[in-house]
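The values are calculated or read from the model by the stated rules, or taken from the named source; none is laboratory data. Everything numeric here is computed off the predicted structure, so don't read it as measured data. So basically every Cβ, Gly included, is an ideal-geometry build from the backbone, and we count neighbours across all protein chains shown.
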Amino acid sequence: MASPPDICIRGNGIVGQALALLLARERLRVALVGPPGAGADGATSDVRAYALNAASRALLESLRCWPPETAATPVLQMRVQGDDGGQVVFDATEQGSEALNWIVDVPVLEQQLAQAVNYQPLIDRVDAPVPAALTVVCEGKASRTRSEFGVNVDVTAYPQHAIATRMQCERPHAQTAWQWFADGDILAFLPLGGPQGNSVAVVWSVLQERADERFAATAEDFATMLETASHHMLGSLTQQGERARWPLQLAQADRWVGPGWALAGDAAHTVHPLSGQGLNLGLADVAELAQVLQARESWRTCGDLKLLRRYERARKADVLATGLATDGLQQLFSLPGAPAQTLRNWGMSGFDLSGPLKNWVARRAMGAARPAR
């Protein structure tokens, strides 16, 4: 890059690369710290998958980085099962939509983004942070550089660890995402492999005292545990990939911006995975920050504090609402005892029949598509 960058982005994951591409499209010079991500070479050992909504899809399509159908499976129905007969069913047809969301293969998406970055002349990959009018921290929840800007993070640790893997299923998934709440655990099956696929991404949020045993189980024993927990809904299961594990938390930074710097994605906030909204929130940060910078007055620099506060105000309320909703659900299904169990399952059944309220929640989770700019 012949001239100094306008913006330095610390963090080269999905959020960081998407932001770099959006800013470069606005003719801003970007320094992106770090080599391409782990999935940039097409490796498939990463078992993660994300549920992306219509707004996230629109953003990635505008960057020409939306994965092919086999790596972005449309979800037509989501079935949430309580621990005593309660059930909530969301259906794309009822919402007048082609899909509730799409389950996206992380390595494929990272490869698409990395290739786009490599072809963008206004983005330079650098080994270390460089001076710029604006530094954006997209390093994830374990960011080490937030403290440089005096940021404090309010963290609530959940008594759960997430265990993720992929399973081959005896029966096809029929483009249905499943979620089961039982005995303090939350199990999600996310359909993979396109509309005709019969594999799923698994995210099992389990109580800490059970996490070691389940993570260390043999592939056969782990599959048997999942078959039981899923009530054999997709038949017999066979583990396809490695298992990953991480502690769960609700977190939000007290400040997202300051003179010449901003936080985005998990560096600013994390929520429980039961909502499937983590990356959607991060990509919404990206879209909002890029829009604020694009619309700035000619006399403001990219690092102007008043400008950056527009971004913070626009995003904090949405993230707070999502965090409170997911935290409330996690807490509700953690309550022991028959009265709590009866109440929450009664509530689920009532919500399933609530009509406008259920549709409003569904539409909010699906995301309103942003027009490509």
Taking the conditions exactly as written (at pLDDT below 90, in a strand (DSSP E or B) and in contact with an Asp or Glu (Cβ under 7 Å, 6 or more places away or on another chain)), does Val80 satisfy them or not?
no
When the residues of region 28-48 are narrowed to those that are in contact with a helix residue (DSSP H, G or I) (Cβ under 6 Å, 6 or more places away or on another chain) and at pLDDT 85 or above, which ends up nearest to Gln240 (Cα to Cα)?
Arg48
Residues of region 97-125 that turn out to be surrounded by fewer than 21 Cβ atoms within 10 Å (Cβ to Cβ) and either modelled with pLDDT under 85 or acidic (Asp, Glu) (or both), as a count:
2
Of all residues in region 223-271 being surrounded by fewer than 23 Cβ atoms within 10 Å (Cβ to Cβ) and of a type in the set (Asp, Glu), the one that is farthest from Asp154 (Cα to Cα):
Glu227
Please verify whether Thr73 is in a strand (DSSP E or B), modelled with pLDDT of 90 or more and under 17 Å from Val15 (Cβ atoms), treating the condition exactly as stated.
no
Looking at this structure, is Ala177 farther than 30 Å from Leu308 by Cβ, buried (at least 23 other Cβ atoms within 10 Å of the Cβ) and out of contact with any Cys (no Cβ under 6 Å at 6 or more places or on another chain)?
yes
So Pro195, is it more than 25 Å from Tyr158 (Cβ to Cβ), surrounded by fewer than 19 Cβ atoms within 10 Å (Cβ to Cβ), touching a Leu at 6+ places or on another chain (Cβ under 7 Å) and of a type outside the set (Lys, Arg)
no
Of the numbered conditions (1) in contact with a strand residue (DSSP E or B) (Cβ under 8 Å, 6 or more places away or on another chain); (2) surrounded by fewer than 20 Cβ atoms within 10 Å (Cβ to Cβ); (3) under 30 Å from Leu32 (Cα atoms), Val151 satisfies every one except a single condition; which is it?
(2)
Hey, which of the strands (runs of 3 or more DSSP E) in region 90-203, taking only ones fully inside, have at least 1 residues that are of a type in the set (S, T, N, Q), closer than 25 Å to Arg64 by Cβ and under 18 Å from the mean Cα position of the chain (by Cα)?
101-105
Six or more apart or on different chains, Cβ atoms under 9 Å: show the pairs whose first residue is in region 81-100 and on the phi < 0 side of the Ramachandran plot and whose second is of a type in the set (Asp, Glu).
Asp83/Asp183; Gly86/Asp352; Gln87/Asp352; Val88/Asp352; Val89/Asp352; Ala92/Glu98; Leu100/Asp91
Output for region 216-250, where each listed residue is at pLDDT 95 or above and touching a His at 6+ places or on another chain (Cβ under 9 Å):
Leu234
Which condition number does Thr301 fail, the rest of (1) surrounded by fewer than 16 Cβ atoms within 10 Å (Cβ to Cβ); (2) at pLDDT 95 or above being met?
(2)
